[in-house]
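Peer 1: Questions regarding the structure given below will be posed in turn.
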């Protein structure tokens with residue numbers, strides 16, 4: 001059997017153990033359209049995994065994730081791990097961890113919420129349940145469990 005190998009990256013980020021089928025949503029969170037043109041992006045879909053059965057993997061050269069991006073990934077892919085690569089070596093590896101509050105990552109689905117008005121105010125959600133994840137807007141108390149539709 002022939003294998004296709006993904007080229008190693010010198011510096012950047014590898015997001016592994018993404019639930020099967022969510023890699024393209026992770027790319028949307030990362031904003032890959034705004035990356036430098038010399039940054040390689042590799043996506044592996046439907047890869048066999050001992051931990052998950054099947055998983056996706058995203059490798060992005062020349063980027064380290066902001067805390068907001070990590071929080072957004074934790075919402076849609078809570079089993080993900082993030083590896084920071086420097087000079088072709090894994091320098092740091094960690095699992096995503098959902099903080100008790102999520103700020104500025106989602107838009108509140110309540111159009112009348114103060115966070116959706118012209119106020120200089122970022123959205124803020126409390127994590128009320130972890131498995132499955134459910135959030136509650138701190139301003140209007142609207143519950144949210146469909147995160148992809150409401151990513152800011």
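A short reminder: the numbers here are calculations on the coordinates, not readings from a lab. All of these numbers come straight from a predicted model, not from anything done at the bench. Using ideal geometry, Cβ is built from the backbone for each residue, glycine included, and neighbour counts are taken over all protein chains shown.
Peer 1: Multiplying the sequence separation of residue 117 and residue 32 by 0.36 nm and subtracting their Cα-Cα distance, what value in nm do you get?
Peer 2: Length gained between residue 117 and residue 32: 27.8 nm.
Peer 1: Just from its helices, what would the mean residue ellipticity at 222 nm be for the chain, if runs of 4 or more DSSP H residues each count -39500 (n - 2.57) and the sum is divided by every residue, rounded to the nearest 500 deg cm²/dmol?
Peer 2: -3500 deg cm²/dmol
Peer 1: Right, another one. I'd like the FRET efficiency for residue 91 and residue 143, computed as 1/(1 + (r/R0)^6) with the beta carbon distance as r and R0 of 35 Å, rounded to 0.05.
Peer 2: Values: r = 38 Å, r/R0 = 1.10.
In this case the efficiency is close to 0.35.
Peer 1: Can you give the angle from 0 to 90° between the axis of helix 67-76 and the longest principal axis of the chain, with both taken from C-alpha atoms, to the nearest 10?
Peer 2: 90 degrees
Peer 1: Please work out which option in (1) 1.33; (2) 1.13; (3) 0.94 gives Cα Rg over 2.2 N^0.38 Å calculated from these coordinates, and answer with its label.
Peer 2: Here the calculated entry is (2).
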